[in-house]
Structures are given as C-alpha cells and as structure tokens.
Amino acid sequence: MNNTDMSHFLAELADTIESRLPARGGNPETSYIAKLYHKGEDSFLKKIGEEATELVMACKDAKHDRIVAEAADLWFHSMVALAYYGLRPEQVINELARREGVSGLVEKASRKE
C-alpha cells in the first residue's frame, strides 16, 4: 500500500467510525463502535489500555503476527477515541510529519507539560 492509499484508507476508516457516533445514529445493537460509544468514554479508554498492554506482551514474546494484530487493535481503538473527541487521523499524521527530522529528545524537551 502506498502513502496515498494508506491516507485514503485511514480517512475512510475514520469516516466509518464517525458514522457510528450516537449523534449520527450509530446503533449499539448492530455496531461494535456504537456499542463502545453507548457505554461511555471509559469503555473505549479501557480498550485502549487493554490493547496497549496486549501489544507490549506480544512484543515481549516476539510474536510477529500477534504484534501486528495487537498494533492494529490499538490503532483502531485510538481512532475510536479520536472520533469521539472530534479529531481525525490526518491530524495525528500531520503531527508526526511536523516532528520528522527532530530529535526525540529535543522534541520532548520542547513540550510544555
């Protein structure tokens, strides 16, 4: 998949996720995403934590197929959170692009936290 295809895929996935928001009529009886939204913010935030932990464990076990699967789960649930907060994956990509060529140590030190 080239960069254009990847960007298009992420945008389409984001559109699908956004269509499941309660304000857009997402049905929790027929949609996993709508069900997460219906259960409330803690529901998908817990999934992000769970998937992050599963990714760490897959990496510790060096199970490549599991690493890919768990990374996909983490990205997906992160996109669910982005949509909930009115954000898009393009914004994340733009932030990563902004950081390109900047030392991670320098970038982290520049943050105002």
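A few comments on the model shown:
- Take Val92: with every protein chain present and a 1.4 Å probe, its accessible area is about 70 Å².
- Accessible surface, per residue, of the chain when the full set of protein chains is kept, probe 1.4 Å, Å²: 71
- The lysines whose alpha-carbon is closer than 18 Å to the alpha-carbon of Lys39, local same-chain residues fewer than 8 away aside, are Lys47.
- Span-rule helices in the chain, defined as complete DSSP H runs reaching 27 Å or more along the axis (Cα) with Kyte mean at least -0.5: 41-60, 64-84
- Region 3-88, accessible surface, carbon-and-sulfur percent (1.4 angstrom probe): 57
- Cβ-defined net charge surrounding Met57, 13 Å radius [Lys, Arg +1; Asp, Glu -1]: -3
- Largest to smallest accessible area among Ser19, Ser31 [probe 1.4 Å]: Ser19, Ser31
- For the chain, the spread of Cα positions along each principal axis, largest first, Å: 46, 35, 32
- Here Glu90 sits with roughly 70 square angstrom of accessible surface, probe radius 1.4 Å.
- Accessible area per residue (1.4 Å probe, heavy atoms of protein chains only) ranks Thr16, Thr4, Thr53 as Thr4, Thr53, Thr16, with the largest value leading.
- Positive contributions from Lys and Arg (+1) and negative ones from Asp and Glu (-1), summed over other residues with Cβ under 15 Å from the Cβ of His77, come out at -3.
- Only Cα pairs under 8 Å and 6+ residues apart enter the sum, and on that basis the relative contact order of the chain stands at 24 percent.
The values are calculated or read from the model by the stated rules, or taken from the named source; none is laboratory data. Every value quoted in this text rests on a predicted model; they were computed, and no experiment measured them. Glycine also receives a Cβ, built like all others from the backbone with ideal geometry; neighbour counts cover every protein chain displayed. Note: accessible area is taken over every heavy atom of the protein model, side chains too, but ligands, DNA and RNA are not part of it. Shrake-Rupley method; radii C 1.70, N 1.55, O 1.52, S 1.80 Å.
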